[in-house]
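Q: First the structure, which I've put down as structure tokens, then a few questions once you've had a look.
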Amino acid sequence: MKTENQVNLENAWKNASSFNKQLQLNLQELSDKSNYPKHWNILLTFIDLIKPNSILDIGCGAGSLFALLKKEHPSIGYFGLDFSLNAISIAKKNWRSKNFEVGDLFELSSEYVSSYDLVHLGALLDVLPNGDEALDKILKLNIKNLIIGRMELTQNPSYYKEYVAYEEIKTCQFFHNKQEFINKCSIKKYEVYQIENNFYLKKS
């Protein structure tokens, strides 16, 4: 049974009011290529390898990947999902696009995700206290090309530690047991490519 604190951590980003702070940070990063954070450059490296025509961005937040792709790969069709209504409202308004929708990872079907060439999770698994459960769910969808950004691995049993994001959101950082992650990917027949703490999973 989940504790009250775990439930609160799960809902922290869903109820967050600070996506405007995330957006302002991302706008600074988007202003020039020299400002791109490392994980964006790694993501672009993977995209150059995969060459997708369409991307589903799960946990899109304020939707800045939409703008990044418009700059770097304008031909790629983008669609963003986030379980926060506030995040989706900000994304739609700021990027003037309808390609955003409220959606929950745990409610997605294999049929839905199969219509996209690439599925991207940017730090989504990293901020959930049930990170292993979320990983199991995403692997069960049998996605052909999956990028998991900023996922931390540990030699220890999986665990999470709490911290405060944007000076107001009580959230967490999840650490997945490395061997369990490798085993799960092997069972689902994924080839795994890693650059630092970013992973590209390709169906073999």
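Q: Given a 1.4 Å probe, how much area per residue of the chain is accessible, in Å²? Please list the in-between numbers first.
A: Working: 10400 Å² over 204 residues.
The answer is 51 Å² per residue.
Q: Continuing with this model, one more query. Share of antiparallel DSSP beta bridges in the stretch 113-202, in percent to the nearest 5?
A: Details: 16 of 23 bridges.
Here the share of antiparallel DSSP bridges comes out near 70 percent.
Q: Moving to a separate point now. Work out the FRET efficiency for Asp32 and Arg96 from their Cβ-Cβ distance, taking R0 = 22 Å, and round it to the nearest 0.05. Display every interim value, and only then the final one.
A: Numbers: r = 22 Å, r/R0 = 0.99.
About 0.50, to the nearest 0.05.
Q: Normalised by the residues of the chain, what does the relative contact order come to in percent, with Cα pairs under 8 Å and at least six apart? Kindly include the intermediate steps, with their values, before the conclusion.
A: Values: 353 pairs, mean separation 40.9, N = 204.
Over the chain, the number comes to 20 percent.
Q: Now a separate question. Rounding to the nearest 20 debye, state how big the charge dipole of the chain is about its Cα centre with +1 on each Lys and Arg Cβ and -1 on each Asp and Glu Cβ. List each step's numbers first, then the result.
A: Working: 24 positive and 24 negative charges, 102 e Å.
My answer is approximately 480 debye.
Q: Which one, Asn130, Val113, Phe46, projects farthest toward the positive side of the charge dipole computed for the stretch 1-148 from Cβ point charges (K/R +1, D/E -1)?
A: After comparing all options, I get Phe46.
Q: Taking H placed 1.01 Å from N in the peptide plane, check which residues at least 5 places from Gly77 or on another chain put their amide H under 5 Å from its amide H.
A: Ser54, Ile55
Q: Going by a ≥ b ≥ c, the root eigenvalues of the Cα gyration tensor, does the chain fall in the rounded group (a/c under 1.5), the prolate group (a/b larger than b/c) or the oblate group? Present the calculation step by step, with values, prior to reporting the outcome.
A: On the way: a/c = 1.44, a/b = 1.07, b/c = 1.35.
In terms of gyration-tensor shape, rounded.
Q: Can you give the relative contact order of the stretch 112-204 as a percent, counting alpha carbon pairs under 8 Å and 6+ residues apart?
A: 31 percent
Q: In the chain, what % of DSSP beta bridges are antiparallel (nearest 5)?
A: Details: 17 of 36 bridges.
Within the chain, antiparallel bridges account for around 45 percent of the total.
Q: Can you give the calculated 222 nm mean residue ellipticity of the chain, where each DSSP H run of n ≥ 4 adds -39,500 (n - 2.57) and the sum is split over every residue, rounded to the nearest 500 deg cm²/dmol?
A: Values: 8 runs with 77 residues, N = 204.
Helix contribution divided over all residues of the chain: -11000 deg cm²/dmol.
Q: For an R0 of 35 angstrom, estimate the FRET efficiency from the Cβ-Cβ distance between Leu85 and Asn53 and round to the nearest 0.05.
A: Details: r = 29 Å, r/R0 = 0.82.
Efficiency computed from Cβ-Cβ geometry: 0.75.
Q: Which of Asp104, Asp132, Asp117 moves most in a GNM of the chain, Cα contacts under 10 Å?
A: Asp104
Q: Between Glu107 and Gln6, what is 0.36 nm times their sequence separation minus the Cα-Cα distance? Round to one decimal in nm. Provide the component values of the computation, followed by the final result.
A: Working: separation 101, 0.36 × 101 = 36.36 nm, distance 1.93 nm.
That works out to 34.4 nm of additional length.
Q: Ignoring ligands, DNA and RNA, what percent of the 1.4 Å accessible area of the chain is carbon and sulfur? Let's see the in-between values first.
A: Details: 5060 of 10400 Å².
C and S atoms contribute 49 percent here.
Q: Could I ask something else about it? Give the shape of the stretch 50-138 as rounded, prolate or oblate, defined through the alpha-carbon gyration tensor: a ≥ b ≥ c are the square roots of its eigenvalues, a/c under 1.5 means rounded, and otherwise the shape is prolate if a/b is larger than b/c and oblate if not. Mind dumping the intermediate values first?
A: Details: a/c = 1.78, a/b = 1.26, b/c = 1.41.
Here the stretch 50-138 falls in the oblate category.
Q: Spelling out what I want: for every residue of the stretch 78-86, take phi, set θ = phi - 60°, compute 6.51 cos²θ - 1.76 cosθ + 1.60 (Karplus), and round to whole Hz; glycine and proline get x.
A: 10, 9, x, 10, 8, 7, 9, 4, 4
Q: Go through the stretch 52-67 residue by residue and turn each phi into a ³J(HN,Hα) via Karplus (6.51, -1.76, 1.60, θ = phi - 60°); whole Hz please, and just put x for glycine and proline.
A: x, 8, 8, 9, 9, 9, 8, x, 6, x, 6, x, 5, 5, 4, 5
Q: Bin width 10 Å, alpha-carbon pairs only: give the P(r) of the stretch 112-188 as whole percents, running from 0 to the bin holding the largest distance.
A: Over the stretch 112-188, the share of Cα pairs per 10 Å bin runs 18, 48, 26, 8 percent.
Q: Expressed in nm to one decimal, what extension gain is obtained for the pair Ser75 and Tyr166 from 0.36 nm per residue of sequence separation less their Cα-Cα distance?
A: On the way: separation 91, 0.36 × 91 = 32.76 nm, distance 3.30 nm.
Contour length minus Cα-Cα distance gives 29.5 nm.
Q: If you don't mind, there's one more thing I want to ask. Got a sec to turn the phi values of the stretch 181-186 into Karplus ³J(HN,Hα) couplings, 6.51 cos²θ - 1.76 cosθ + 1.60 with θ = phi - 60°, whole Hz, x for Gly and Pro?
A: Residue by residue, the stretch 181-186 yields 4, 4, 5, 4, 5, 5 Hz.
The values are calculated or read from the model by the stated rules, or taken from the named source; none is laboratory data. Small disclaimer: the values here were computed from a predicted structure and weren't measured. Neighbour counts are summed over all protein chains in view; Cβ atoms, including those assigned to glycine, are modelled from backbone coordinates with ideal geometry. Note: areas computed on protein heavy atoms with side chains; ligands, DNA, RNA excluded. Shrake-Rupley method; radii C 1.70, N 1.55, O 1.52, S 1.80 Å.
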